[in-house]
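**Student:** Structure incoming, see below.
The values are calculated or read from the model by the stated rules, or taken from the named source; none is laboratory data. Please read all numbers here as calculations on a predicted model, not as lab measurements. In this analysis, Cβ positions are derived from the backbone assuming ideal geometry, glycine residues included, and neighbour counts consider all displayed protein chains. We work out accessible area using only protein heavy atoms, side chains counted, and drop any ligands, DNA or RNA first. Shrake-Rupley method; radii C 1.70, N 1.55, O 1.52, S 1.80 Å.
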Amino acid sequence: MRSPLFEIQRVVVRGNQYLVEDNVRNAADIGLGVNIFKINLAAAADRLKTVPMIKEARVTRVLPSTVLITVTERRPLGLLPAGNGFFEVDEEGICLQQTGSGVPGVPIITGVQVDVVKPGEIVETELLADVLMMISGLPDEVVNQLSEVHIDPDGQIKAYTLDRIKCRLGEAVEVREKGVVLARILQELQKQGAKVDYIDISSSGKPVVKYY
């Protein structure tokens, strides 16, 4: 067990999509050249969980000389305006990190007033919870076409596509049903090349499309 054969030569990171591997290694704080049996795996995993972007982390030994870090990241779902930029929030309303510009596939959330928060803190507001519920229930192909999601004080939600089509989504109910209908309508409109003023799916069973 004391043989140089068991000195750590590599720290491998898996599961990361948004985080840089070196940042994950630094957060785990596992030194190369240390005997692999002397590292505290649970403590390393706990250090990783202090990173706001990491939801779950597992650290394991791969004998003789490799440590494997497997992370489950929090996925940014929306962008809230903050000063001169935005900060990302996940589906639980946890602030992930601040960014100075938009993120592809992550719509800006408007109509929600929040205090300044730090990464790792939860943004607690009922309106934001409704917006996040709506976004998380929509198909990925729809979310990727959205530039903004706005909520009115009465809970009515509107989304705007990258082509500036207004989508009236109504309240955060029947979200998945609305998402399926909206995906079909957007796909058909794209085929037609039609110019549209708005799409109203406040009631998923009675969608309305207003053309120019």
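**Student:** Here are Asn26, Asn40: which of them is among the polar types (S, T, N, Q) and closer than 29 Å to Val103 by Cα?
**Tutor:** Asn26
**Student:** A further question follows. Met1: open to solvent by 90 Å² or more (accessible area, probe 1.4 Å) and in contact with a Phe, Trp or Tyr (Cβ under 7 Å, 6 or more places away or on another chain), yes or no?
**Tutor:** yes
**Student:** Quick one: in segment 6-20, which of the residues that are modelled with pLDDT under 95 and open to solvent by 90 Å² or more (accessible area, probe 1.4 Å) is farthest from Pro119 (Cα to Cα)?
**Tutor:** Selected residue: Gln17.
**Student:** Now, a different point. Restricting segment 124-134 to residues that are in a helix (DSSP H, G or I) and open to solvent by 10 Å² or more (accessible area, probe 1.4 Å), which is nearest to Leu77 (Cα to Cα)?
**Tutor:** Taking the candidates together, the pick is Met133.
**Student:** What residue, among those in segment 26-57 that are touching a Gly at 6+ places or on another chain (Cβ under 9 Å), surrounded by 17 or more Cβ atoms within 10 Å (Cβ to Cβ) and β-branched (Val, Ile, Thr), is nearest to Pro76 (Cα to Cα)?
**Tutor:** Val51
**Student:** Using the structure shown, decide if Glu121 is within 11 Å of the chain's Cα centre (by Cα) and of a type outside the set (Val, Ile, Thr).
**Tutor:** no
Rundown of residues vs (1) within 20 Å of Ile108 (Cβ to Cβ); (2) open to solvent by 90 Å² or more (accessible area, probe 1.4 Å), yes/no style:
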residue	(1), (2)
Lys158	yes, no
Asp163	yes, yes
Cys167	yes, no
Val180	no, no
Lys191	no, yes
Lys206	no, yes
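**Student:** Mind checking which residues of segment 103-123 are exposed (fewer than 14 other Cβ atoms within 10 Å of the Cβ) and under 17 Å from His150 (Cα atoms)?
**Tutor:** Gly105, Gln113
**Student:** Could you tell me whether any residue of segment 86-94 is open to solvent by 50 Å² or more (accessible area, probe 1.4 Å) and of a type in the set (D, E, K, R)?
**Tutor:** Among the residues of segment 86-94, at least one is open to solvent by 50 Å² or more (accessible area, probe 1.4 Å) and of a type in the set (D, E, K, R), which makes the answer yes.
**Student:** Same structure again: Which residue out of Thr50, Thr70 is within 23 Å of Phe6 (Cβ to Cβ) and among the hydroxyl-bearing types (Ser, Thr, Tyr)?
**Tutor:** Only one candidate qualifies: Thr70.
**Student:** Further, regarding this structure: Given the conditions (1) touching a strand residue (DSSP E or B) at 6+ places or on another chain (Cβ under 9 Å); (2) surrounded by fewer than 19 Cβ atoms within 10 Å (Cβ to Cβ), and given that Asn23 satisfies all but one, which numbered condition is not satisfied?
**Tutor:** (1)
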